[in-house]
Each structure stands twice: as structure tokens, then as C-alpha cells.
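All of the numbers you see were taken from the coordinates with simple rules; none came from a lab. For clarity, every value in this text was computed on a predicted model and none was experimentally measured. All Cβ positions, even for glycine, are placed from backbone atoms using ideal geometry, and neighbour counts span all protein chains on display.
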Amino acid sequence: MSDKSSGNTITFLGTAGARFMVTRQLAASGGLWLNLGGTEILVDPGPGTLVQSVRRKLNAEKLSAIILSHRHLDHSADTNVMVEAMTSGGFNKHGWVFAPADALGEEPVLFSYLKSSLEGIRLLEAGGSYQIGKVTFTTPIRHDHPVETYGLVFHDGGPTFAYIADSRYFDGLSRSYAAELIIINTVLMEPRAPVAHLAVADAGRLISEIRPRAAILNHYGMGVWQAEPEKIARELSQKTGVRVIAARDGMVFDLDRLETRPPQGE
């Protein structure tokens, strides 16, 4: 396997979404660890990210940035401990935090004493474009969610990939995430007002509209978990004609080959 392939991966530190899956830890809730040509980025450090990253033999001191799609606990609870780890306990001024404004406002998810340990903080906004080393990502549209929330599209010279974070489905969502790979936070089996999360049918609609080379379901609610994500992925693959994969804890996805690898640390 080439060095290029080994350096462009997504490690799923946890696939739990919503309160009961997270509080009961039926699946881990650690977010996504990206390695894009040697630039390492952590996305949505939920409860247990530190434990899961150590288990997977990932070194937080190598992180260049932490990105929060939004402030909810299942996406941000381990922000502070991961900043401490990224900055060698605060002794190495290093790394960036990217987050929506309301994640750093009246009830900030980042402790004030840690800010001086960082190289900087950038606020996410709709239509924004950001740089981390040689990696560029955009936040094309604000999501329909109770707090300020943005998905991410990464452009690093390899296959483009999108992380469709928590949201209710709405017109314009699929247009914002045209990419070769899409990762969809799929919390619900069926749409359930007023819960502002994507359901399985919404994921199928996004896949059909975007037509990526591959799609990954992630961030499962209790109903999706009980219905077996692998079975749901197979059914969506048959329905859409697109290869759909159910993420699992510790799964490593090779971006260049668009295929999974054995989990690290097992």
C-alpha cells in the first residue's frame, strides 16, 4: 500500500448518536479522526474521544485542529481534554479550534484557560472556507438544528468528501454536499417532528440526489441501532445503486481507495 493511501484515512472513533445511545454507550461516541496527507484533524469530539483515540493508537499531539459541527454534548463533550492533549498539557502552543459562534458564546464549550495554548480559534459560518495546513474545508450551509450547526466538505487533492452533520432534511441540503464520499449522521428510522435529525429515508434521498461514489451511515440513534445499521446500509445500496457502508466503532476508511480497513488497536 502506498504512503499516499496510508495517509488519507478517516477513523470512526464512535458511531453513537443522540442521548440514549451516548449515555448508555451502546456504541462509542468519539467523533471522526482524519489523516489527510499527514495533516491530522479531529471532528466532533463527543464523550470518550480521549479513551477511544488512545485505544486506536492515535496521538493527539499530532493533531493540527479540532472542528466542532455544533455545541451539543455528543459532538463537543471532550473538547477540553482533547485541546489539553493536542497542546501537550498546555505546554506546547499548538493547533486550532474551529466552531460555530454559539459554541464559544454565553456557555462556551472551550474553557477560557485553554485558549492561550492554541494557535488560534476560527468561527464557522455559512459559506465559509478554511485552511488547515494544505487541507481546505468549507461549511456550505447552516443546518436546520436547534443550535448553530454546519456540515463540512473537505478538499485536499484526493477524493472530495462531505460530513453531513445533524440536521432536519430541507431543500438545498443535497446541493451543498456534492462529493465523491458522503458521511451522513443518520439518527432516526423515520422522521419524527419536532426532532431535527435525519432519518433513514432522508439518508436515502440524499444519496440518490448526490450520487456519490460511496456513502457512509454514522451517528445512530436507538431505533437505527436496533434495526441493525448494516442491514439498513444493504437495503439503501440496493435501492440507490450506490455503495452504502454502515460505520462501526474503530472503522478506518481509506479515502484514496474508498474502502474500509481493519480497525486500529484490535
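Here the chain is treated with +1 on each Lys and Arg Cβ and -1 on each Asp and Glu Cβ, and its dipole about the Cα centre works out to around 420 debye. Under 5 Å between amide hydrogens, built in the peptide plane, is the criterion, and for ARG122 it picks out VAL97, PHE98, ALA99 among residues at least 5 positions away or on other chains.
Calculated [222 nm] ellipticity per residue, helices only, for the chain: -5500 deg cm²/dmol; basis is -39500 (n - 2.57) per DSSP H run with n ≥ 4, divided by all residues, nearest 500. Karplus-derived 3J(HN,Hα) values for the stretch 205-222, using 6.51 cos²θ - 1.76 cosθ + 1.60 with θ = phi - 60°, are 5, 4, 5, 5, 6, 7, 6, x, 6, 7, 9, 10, 7, 7, 6, 7, x, 4 Hz; glycine and proline are entered as x. Of the peptides 180-191, 81-92, the order by per-residue mean of other Cβ atoms within 10 Å, starting with the highest, comes out as 180-191, 81-92. Between the stretch 241-266 and the stretch 179-210, how far is it from one alpha carbon centroid to the other, in angstrom? Cα centroid of the stretch 241-266 versus Cα centroid of the stretch 179-210: 19 Å apart.
Angle between the Cα long axis of helix 229-240 and the longest principal axis of the chain, 0 to 90 degrees, nearest 10? The angle comes out near 60 degrees. Show me the chymotrypsin sites (Phe, Trp or Tyr not before Pro) within the stretch 151-247 that DSSP assigns to loop and that have at most 15 other Cβ atoms within 10 Å of their Cβ. Here the chymotrypsin sites (Phe, Trp or Tyr not before Pro) that fit, given the DSSP loop and packing criteria, are PHE170.
Sparse packing (at most 10 other Cβ atoms within 10 Å of the Cβ) combined with a DSSP loop state is found for none of the GluC sites (Glu not before Pro) in the stretch 186-239. Between SER167, VAL200, GLY241, the Cα set farthest toward the positive side of the dipole of the chain (charges on each charged residue's Cβ, about the Cα centre) is that of GLY241. Rounded to the nearest whole Hz, the Karplus-based 3J(HN,Hα) values (6.51 cos²θ - 1.76 cosθ + 1.60, θ = phi - 60°) of the stretch 192-201 follow the sequence 9, 5, x, 5, 8, 9, 7, 9, 4, 4, with x at glycine and proline.
This structure gives Cα extents along the principal axes in Å, computed directly, and of [x] 52, 46, 36; [y] 55, 42, 31; [z] 54, 42, 35 that value is listed as [x]. Over the chain, Cα pairs under 8 Å with separation of 6+ residues give a relative contact order of 18 percent.
Take the Cα gyration tensor of the stretch 9-129, multiply each eigenvalue by 5, square-root it, and list the three semi-axes largest first, rounded to whole angstrom.
Value: 20, 18, 14 Å, ordered largest first.
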